[in-house]
Amino acid sequence: MNILVLLKQVPDTTEMKIDKETGTLIRAGVPTITNPDDLAGLEAALRLKDSMGAKVTCITMGPPQAKNMMRELYAMGADEAIVLSDMKFSGADTWATSNTLAALIRTLEFDLIIAGRQAIDGDTAQVGPQTAEKLGLPQITYVDDIIAVKEGKIIVKKALESTYEIVEAPLPCVITTLSTLASPRYMHVKGISHAFERDIKIMTFDDIQIDQSIIGLKGSPTKVKKTFTKEVHKNSDILHLDGKAAARKVFDIMVDFKFIGK
Amino acid sequence: MRKLFREFSEKEVKPIAADIDEEERFPVETVEKMKAIGMMGIPFESRYGGSDGDNLSYILAVEELSKVCGTTGVILSAHTSLGCNPIYTYGNEEQKEKYLVPLARGEKLGAFGLTEPNAGTDAAMQQTVAIREGDYYRINGSKIFITNGGYADTYIVFAMTDKSKGNRGISAFILEKGMDGFSIGKTEHKLGIKGSSTTELIFKDVMVPKENLLGAEGKGFMIAMSTLDGGRIGIAAQALGIAQGSLDETIKYVKERKQFGKPIAAFQNTQFTIADLQTKIDAARLLVYRAAYLKDTNQSYSTEAAMAKLFASEVAMETTTKAIQLHGGYGYTRDYPVERMFRDAKITEIYEGTSEVQKMVIASKILR
């Protein structure tokens, strides 16, 4: 079985500060880590490898420093590592990122794609689902447990807000994992000893078939206007209404604030 | 490597460090966890069950473990430097296959028996005797203060094979737990590294196969001394870790603790003390890494290892003493880890050659 795991190197948001002048994140000097949901995805893949045998390929898009993350993933037990890295890819939003990832993945053999639910720096939870969509694959998001992989199918426990669903999908498919699915294993010392000898494949724009207009900053429909910490307003209205009237009221407020169109 | 060891130490070792000290309990579960990630044979090739790392990586492991727990640091150091390394360096292929492979894989734990009641610094005064009888050596005698003693499976034991030759009459043997006549005596109750198992070894007509002679007959003293040269880098790394660990705790504390309306970190005495200590710790670190680097590059490192241990252990004592001082009364209680670190630091000036022995080694090289 070939498993592709999509991972992202992110700033350690627990040590992140926001520049009050510009409203942007201060990235200088902030250590990078592998996104926690993605590590759970890798752990899930490695467990499938341990139990039924699989080739685990890690894929990331990012600057060349992502190689360091890949070395750690090798030390954990990954079999192959591919970094999509090109100035033309940079500044991509989730749409452009998933276009790029999908273009690479179309050239690879796979039975299962695992992505973390969301990255701690953007929290969009969009790249996994968008990639699935662009590849025309079934997807299961918010996977909290892999129950079985057999007979060309995967059965998982999908977390909902207050309950779970047991969902089955045919392979190949995309699943997105919660960090609660599995706590990642430690690197192995021997894995580290050899990680620096392993090949990390760098794929650039020229290596994948893709239209330049749908990648990178120029290909990104999302434009960030401002980043700011939400202010908490203390003045609020408390209304005592029955269920039906309350629903109507909430609906009207959302219309007033243009959260939804009437 | 450091990232792995730090993460492992923080998550697996730190949470139980105070408990194993209080209970004087050998942390078997930690040894199992270290085995699982290849920490029990870091500097040995994978054909011998090791992790294909180098001595510097192994030293980083001891340092990171010791930052949070001196006991766990010395368990790894004694196992690797004293238990595995003599077999790796002086063993024949059969001995490596039979003993080094399971040790380096962490399936077995190693220990080293040189010290005797009347042979401490004067290690040549060995009273344990090995007499050749056919295909065996009959060993009688005892050892004391043996690190990992109660939990080891494989022991490197030194005994006199020819008294008339003095130093050159000492030989090294590989003993296994459970050999007839081989028993564990008294377990020591110590000031520090209390979770580490320090015991007496007793040999009563232990018949050791001649295949278990390590190196040639009469080479034991040389093997012991060269093994200790390497072991000293491990203990220096332990001291370095304890020093940095206690300073890290102190830095955290002085930022939180307020007196006279401000954090005590705002006082110049605190600042100067911490600046001095971190500078000394960094100096110790460079000495320790230098010794490890020399060993890794097959250069002579005996003097440099002695310097590293001498300096790092003294820095550990000074740092832990001042760490308690900066913690004030709280530092004297077991509610804060610096109290334990202070007790753990002392042994680094004593075992694997006291500070005085290190000075003898260093001076003999300089004044040669």
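Annotations
- Overall, region B:50-132 carries a charge dipole of about 200 debye about its Cα centre when +1 sits on the Cβ of Lys and Arg and -1 on the Cβ of Asp and Glu, all other atoms neutral.
- Choice from B:GLY178, B:GLY106, B:GLY234 showing the highest fluctuation, given a GNM over chain B with Cα pairs closer than 10 Å: B:GLY178
- Tensor-based shape of region A:1-50 (alpha-carbon gyration tensor, a/c under 1.5 rounded, otherwise prolate or oblate): prolate
- Relative to the Cα centre, the charge distribution of region B:134-238, modelled as +1 at Lys and Arg Cβ and -1 at Asp and Glu Cβ, gives a dipole magnitude of about 360 debye.
- In order through region A:65-73: 3J(HN,Hα) via Karplus (6.51 cos²θ - 1.76 cosθ + 1.60), integer Hz, x for Gly, Pro: 4, 4, 4, 4, 4, 4, 4, 5, 5
- Relative to its residue count, region B:55-105 spans a Cα convex hull of 64 Å³ per residue.
- Result for chain B in a Gaussian network model with C-alpha springs under 10 Å: among B:VAL357, B:VAL288, B:VAL74, the largest mean-square fluctuation is at B:VAL357.
- Along region A:234-244 the Karplus relation, 6.51 cos²θ - 1.76 cosθ + 1.60 evaluated at θ = phi - 60°, assigns HN-Hα couplings of 7, 6, 9, 9, 10, 10, 9, 10, 7, x, 5 Hz to successive residues, with x for each Gly and Pro.
- Calculated on the alpha-carbon coordinates, the convex hull of region B:296-338 measures out at 78 cubic angstrom per residue.
- Taking every Cα-Cα distance in the protein assembly as shown and sorting them into 20 Å bins from zero, the calculated P(r) comes out as 17, 40, 31, 11, 2, 0 percent.
- The fraction of all Cα pairs in region B:218-274 landing in successive 10 Å bins from 0 to the largest distance is 21, 28, 18, 15, 12, 6, 1, given as whole percents.
- Proximal aspartates and glutamates to B:LYS11, defined as alpha-carbon separation beneath 14 angstrom and excluding residues fewer than eight positions away on the same chain: B:GLU29, B:GLU64
- Fewest neighbouring Cβ atoms within 10 Å first, the residues A:ASP211, B:ASP296 line up as A:ASP211, B:ASP296.
- For the residue pairs A:LYS20/B:LYS14; B:LYS255/B:LYS322; A:LYS55/B:LYS67, the C-alpha atoms sit more than 26 angstrom apart in A:LYS20/B:LYS14; A:LYS55/B:LYS67.
- Within chain B, the whole DSSP H helices whose Cα atoms reach 24 Å or more along their own axis and whose mean Kyte-Doolittle score is at least -1.0 are B:220-256, B:268-296, B:302-327.
- Packing-based exposure ordering (other Cβ within 10 Å, fewest first) of B:VAL28, B:VAL62: B:VAL28, B:VAL62
- Cα gyration tensor category, rounded, prolate or oblate, for region B:135-220 with a/c compared to 1.5: prolate
- Average other protein chain Cβ within 10 Å of Cβ, residues A:187-199: 6
- Annotation: lysines with alpha-carbon distance below 18 angstrom to A:LYS158 (same-chain offsets under eight excluded): A:LYS150.
- Relative contact order for region A:1-94: 31 percent, from Cα pairs under 8 Å spaced at least 6 residues apart, divided by residue count.
- Candidate aspartates and glutamates for bridging to A:LYS49, where Cα separation is under 12 Å - those fewer than 8 sequence places away on the same chain excluded: A:ASP79
- For chain B, diffusion coefficient by Stokes-Einstein and Kirkwood Rh (Cα), 4 °C, 1.567 mPa s, µm²/s: 62 µm²/s
- By the count of neighbouring beta-carbon atoms within 10 Å, fewest first, A:SER213, A:SER220 end up ordered A:SER213, A:SER220.
- Whether region B:256-368 is rounded, prolate or oblate, judged on the alpha carbon gyration tensor where a/c under 1.5 counts as rounded: prolate
- Qualifying trypsin sites (Lys or Arg not before Pro) for region A:206-248 [loop in DSSP, other Cβ within 10 Å: at most 11]: A:LYS223, A:LYS225, A:LYS226, A:LYS230, A:LYS234
- Dipole magnitude (debye, nearest 20) for chain B, charges at Cβ of Lys, Arg, Asp, Glu: 760 debye
- Note on region A:120-262: Cα-Cα pairs beyond 23 Å make up 68% of the total pair count.
- Ratio Rg/Rh [Cα only; Rh per Kirkwood] for region A:1-160: 0.97
- Peptide-level mean, for B:47-56, of C-beta atoms on other protein chains within 10 Å: 2
- Inter-part distance where region B:141-194 and region A:27-95 are each reduced to a Cα centre, Å: 49 Å
Values in this text are rule-based calculations from the coordinates and carry no lab data. Keep in mind it's a predicted model, so treat the numbers as computed, not measured. Every residue, glycine among them, receives a Cβ derived from its backbone with ideal geometry; neighbour counts consider all protein chains shown.
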